[in-house]
Amino acid sequence: MKCINSSTSFEFFSCPIRFIEELEITHPYHSLVIDTLETFHKKYDGCSCKTLLFFLVTFSNHFHLLFDKINRLSQKTIFNHLEQFVGQSILIAKENFAENLVLNLNVFHRICRFQTMYSDSLYQAYSHFVSLQEELIHQFDNLNHITRVKYAEEQCVFIPGTIIPIDKPIQGPQRTLLIDGYILEDYVHVGYNNKLKLKQVSAKSSWIYVISSILNQYSIDIILCSGTIDEKLKDLNRDNKRIFVENISSKLFRLFNQNLIVNYLTDINEENILTLNYIQSNDDPTLIFIEKGSTIIQYVPIESLVNIKHEQFVHCLARFRHILRRNFYLKGSGEFERNLYKYFYDKKSESLSIEYNLAYECFLECLQLFSNEILNRKELFEKNLIDDFDSKFDAWQTSIELLKILVQINDVVQIIDNKDLSDI
């Protein structure tokens, strides 16, 4: 965790990408690098971002002076060899170093970097999902996570249900409608490629009146909508205590049969109405949930910790999901890189190509530096960790692809915001 002092308060960062975003870096390549990192971060929810940075910097430092002395064709050949080494590493890893996934509490600890609060809650979710005898990856993909400020110490609570953001006390079965769309006056249809032209003749022909009449006709208590809901419609229905909840996560809709979900409120019939049981949490009466899906609630003591703690948990969950999809993993803490270095070193191919030898030397140097960095700073790194397969190798490949772009840049054009410039 890193901490910086902002103008108003301390801000905490766990992921290096978030930390880099806050730094005032004026390097001409900064925007290209940070855009690549952010895309990678979004793809894997944070997994292997530090690996991408390390390989990018190491490759760049190794070739910085060399590439100024050789032509573009030789540069391209070196990059091709580097990419071949990554491809070979994937096959070597599968055949020699991949460990079959056998789930137990210790494995969860290793995946979560021994952040036991997160691993314990994920293991609790796993135990619940096993009892349901349903596909694990589907259950973990639909696992919800929210972070709230409460209690003096951080804690995680697993709930076998989905939290519904309702800000009023409610209990028991309610007639509920699921709308995967918007409830707005301009979000209407007649059919494919046909637009409904509305012309208000009287109050009874208005859009709001039509919608309210439908809700009254079917005695709808709660509307859960993936999009936004017209404010006037909500105001009109306050007296009858009807509850509208907008911007509902798509995870909730995946829990129900698609036939129960409608896109337009005007399409509903009795078969689309669900009777859902709404329950108040015993630990936190402000939380309302339904007995569908699952949620891990993460409580933190202060507001400034919400983002970092949320992201730490999301990283753990994402890493576990990636490993679960593969059903195998690689040893972390630099152990895989150390073993791969020995494998390549012992099986060096004889080659007369200068470019091959340069790429080989660089690749092995990067593996060695990576494992040595962890070994030499063992007080900062946990031992016996688990890494996921896909994000690791994608980080290696992405670092090479980004460096290929950077070495081809001859000049950087700076856009100056100056109103006095009239000849542009």
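The values are calculated or read from the model by the stated rules, or taken from the named source; none is laboratory data. Everything numeric here is computed off the predicted structure, so don't read it as measured data. Note that we place each Cβ from the backbone using ideal geometry, even for glycine, and neighbour counts take in every protein chain shown.
When you scan segment 219-242, how many residues do you find that are within 19 Å of Tyr278 (Cα to Cα) and modelled with pLDDT of 90 or more? Residues meeting the conditions: 8.
Against the criterion of being under 18 Å from Ser48 (Cα atoms), more than 26 Å from the chain's Cα centre (by Cα) and of a type in the set (D, E, K, R), Glu373 qualifies. Leu367: in the same structural domain as Gly334 (by TED's automatic domain parsing), assigned to a helix (DSSP H, G or I) and buried (at least 19 other Cβ atoms within 10 Å of the Cβ), yes or no? Answer is yes for this residue. From the residues in segment 47-80 that are among the β-branched types (Val, Ile, Thr) and not in a loop (DSSP other than H, G, I, E, B), which one is farthest from the chain's Cα centre (by Cα)? Of everything passing the filter in segment 47-80, Thr77 is farthest from the chain's Cα centre (by Cα). Exactly one residue out of Glu401, Glu382 is assigned by TED's automatic domain parsing to the domain that holds Cys47, within 25 Å of the chain's Cα centre (by Cα), surrounded by fewer than 20 Cβ atoms within 10 Å (Cβ to Cβ) and outside any helix (DSSP H, G or I), and it is Glu382. Looking across segment 286-323, the residues that are crowded, with 19+ Cβ neighbours inside 10 Å, aliphatic (A, V, I, L, M) and in a helix (DSSP H, G or I) come down to Ile308, Leu317, Ile323. In segment 174-188, the condition of being outside the structural domain of Tyr123 (by TED's automatic domain parsing), modelled with pLDDT under 80 and not in a loop (DSSP other than H, G, I, E, B) is met by no residue. If we scan segment 119-138, do we find a residue that is in a loop (DSSP other than H, G, I, E, B), closer than 27 Å to Leu255 by Cα and in contact with a strand residue (DSSP E or B) (Cβ under 8 Å, 6 or more places away or on another chain)? No - not one qualifying residue is present in segment 119-138.
To keep it simple, each residue is scored yes or no on (1) in contact (Cβ under 8 Å) with a residue 60 or more places away in the chain; (2) under 30 Å from the mean Cα position of the chain (by Cα); (3) at positive phi.
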position	(1), (2), (3)
Ser226	no, yes, no
Arg242	no, no, no
Thr275	yes, no, no
Ile279	yes, yes, no
Pro285	yes, yes, no
Ala318	yes, yes, no
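Scanning segment 244-259 for residues that are among the hydrophobic types (A, V, I, L, M, F, W, C), in contact with a Leu (Cβ under 9 Å, 6 or more places away or on another chain) and farther than 11 Å from Ile179 by Cβ, we see that the one that is surrounded by the most Cβ atoms within 10 Å (Cβ to Cβ) is Leu252. With respect to Arg377, is the statement that it is within 29 Å of Ile323 (Cα to Cα), outside the structural domain of Arg110 (by TED's automatic domain parsing) and modelled with pLDDT under 85 true? When the stated conditions are applied, Arg377 passes them. Taking first residues from segment 53-75 that are in the same structural domain as His30 (by TED's automatic domain parsing) and partners that are outside any helix (DSSP H, G or I), the Cβ contacts under 7 Å between residues at least 6 apart in sequence or on separate chains come to Phe67/Val407; Gln75/Val407. For segment 39-52, a residue qualifies if it is among the basic types (Lys, Arg) and either within 27 Å of Glu361 (Cα to Cα) or assigned by TED's automatic domain parsing to the domain that holds Asn307 (or both), and exactly one does: Lys50.
Only residues that are of a type in the set (Ser, Thr, Tyr) and surrounded by fewer than 20 Cβ atoms within 10 Å (Cβ to Cβ) were counted across segment 270-285, and they come to 2. Every condition in (1) within 27 Å of the chain's Cα centre (by Cα); (2) modelled with pLDDT under 90; (3) loosely packed, with under 14 Cβ neighbours inside 10 Å is met by Lys94 except one, and the failing one is (2).
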